[in-house]
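For reference, the structure is listed below as structure tokens.
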Amino acid sequence: MPSLRVRAAAFPIVLVLIVLIIADLSLCAGDPSLAAVVIPVSIAILVMLSFTSLWYAGRLVRPISELMPTVDAQGRLEFRSTRTELTPPDELRALAITIAQIGEKQHRDELARQKLERVRSEFLGNVSHELRTPIFAVQGFIETLLDGAIDDPAVNRDFLERAKGQAERLNNLLNDLIDISRIESGEMRMSFRMFDIQPFLRDFIAEMQPMARARNIELYFTGNVLPHHEVSVYADKERIKQVLINLVDNAIKYSEPGTAVKVELLNGEPRAQEVTVRVIDNGIGIATEHLPRLFERFYRVDKGRARSTPGGTGLGLAIVKHITEAHRGKISVTSEIGKGSTFQFTLQKEPF
Ligand code: ADP
């Protein structure tokens with residue numbers, strides 16, 4: 001099948017050829033001297049017309065050929081970027097650009113879909129791995145007890161305690177997973193209210209004191225706010241408590257006994273309409289290379305250490321980030337190995 005360009009040029013050429021033959025026949029009928037002039041002129045006109053038609057048909061068809069997608073190494077359709085040097089006719093140029101844009105959008109959507117698919121399967125892989133560890137541990141303790149350890153007073157209680165610890169870990173993991181999926185699907189409704197953050201933080205610290213004392217850690221409140229000065233924030237109390245529990249729990253968990261953890265309230269920082277809450281510890285710290293990924297789901301600095309730490313799911317900071325962002329706040333961390341870490345988040349002082 002001839003190309004579109006040749007087919008587009010053929011029609012005017014054939015049409016003119018027929019007109020010229022009829023004209024030549026009627027002009028030259030019975031006059032050979034006239035035929036000697038008219039026929040070469042006709043041929044010359046025809047040759048010129050053929051070139052012009054082919055050239056013009058080429059211009060018409062070129063924008064269409066520019067649209068042709070190619071197939072890349074992974075077998076995906078690849079559209080060339082929208083060519084701005086395409087020349088008129090404008091209708092075809094506009095059509096070419098529109099189709100190329102549709103092609104590019106389709107390509108972007110496909111890449112986003114593939115990314116989502118990768119994240120989803122990575123998440124499922126992580127979830128099953130995380131669930132398997134405590135389940136196997138519980139199974140192991142129970143089997144050892146059934147195999148006779150139950151009658152050995154030196155280990156039976158210890159094994160039961162450990163099985164209980166792993167069951168708690170499983171429970172924490174499931175709760176965190178439910179929270180993450182509810183936040184990400186938008187199902188977790190926030191119940192924003194204006195409330196005074198200072199007494200809220202002081203009450204929270206009082207609640208956490210037994211846990212801090214159990215690890216011989218001094219937990220206290222500080223900040224740039226006078227004791228009875230009201231600082232109202234627009235937030236969901238329960239969710240902010242969940243954020244604080246995660247941060248303070250980590251600060252205590254990753255600190256040595258005898259050190260201090262403080263919760264600091266900075267009113268009007270970094271902007272007048274915001275407050276900053278900081279949880280500062282003098283614990284083991286986190287190496288700089290881990291900081292950018294710390295808020296990712298299941299990201300752990302030291303997998304062995306974190307798993308052996310009771311209650312750790314690797315989801316806590318991901319939840320904290322989601323909740324603060326739902327409050328139009330920002331969360332960040334600074335840390336130095338051996339010196340300690342500071343986690344801070346902002347809250348709005350006005351309804352949004
Ligand atoms: P986990 O439940 O394992 O503590 P998180 O999401 O809360 O998970 O924290 C992720 C990782 O960040 C932890 O495994 C730990 O290595 C590190 N981390 C978090 N907070 C601190 C902290 N205050 N000091 C040192 N390391 C921390």
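Points to keep in mind about this one:
- Pairs linking a residue in the stretch 17-28 that is without any contact (Cβ under 8 Å) to a residue 12 or more places away in the chain to a residue that is of a type in the set (S, T, N, Q) and exposed (fewer than 12 other Cβ atoms within 10 Å of the Cβ), with Cβ atoms under 6 Å and 6 or more positions apart or on different chains, do not occur.
- There is at least one residue in the stretch 159-180 that is part of a helix (DSSP H, G or I), touching an Asp or Glu at 6+ places or on another chain (Cβ under 7 Å) and within 16 Å of the ligand (Cβ to nearest atom).
- Test: residue in the stretch 277-291 that is within 12 Å of the ligand (Cβ to nearest atom) and free of Cβ contacts under 8 Å to residues at least 24 places away in the same chain: yes
- Each residue in the stretch 230-258 was checked for being of a type in the set (Phe, Trp, Tyr) and away from the ligand (no atom under 11 Å from the Cβ), and 1 pass.
- The set of residues in the stretch 124-148 being open to solvent by 40 Å² or more (accessible area, probe 1.4 Å) and touching a residue at least 40 places away in the same chain (Cβ under 8 Å) consists of ASN126, LEU131, THR133.
- Leading residue by the ranking (nearest to HIS129 (Cα to Cα)) among those in the stretch 183-209 that are open to solvent by 80 Å² or more (accessible area, probe 1.4 Å) and assigned to a helix (DSSP H, G or I): GLU184
The values are calculated or read from the model by the stated rules, or taken from the named source; none is laboratory data. This one's a predicted model, so the numbers in the text were calculated from it and none came from an experiment. All Cβ positions, even for glycine, are placed from backbone atoms using ideal geometry, and neighbour counts span all protein chains on display. Side chains are part of the model used for accessible areas, which takes the heavy atoms of the whole protein and leaves out ligands, DNA and RNA. Shrake-Rupley method; radii C 1.70, N 1.55, O 1.52, S 1.80 Å.
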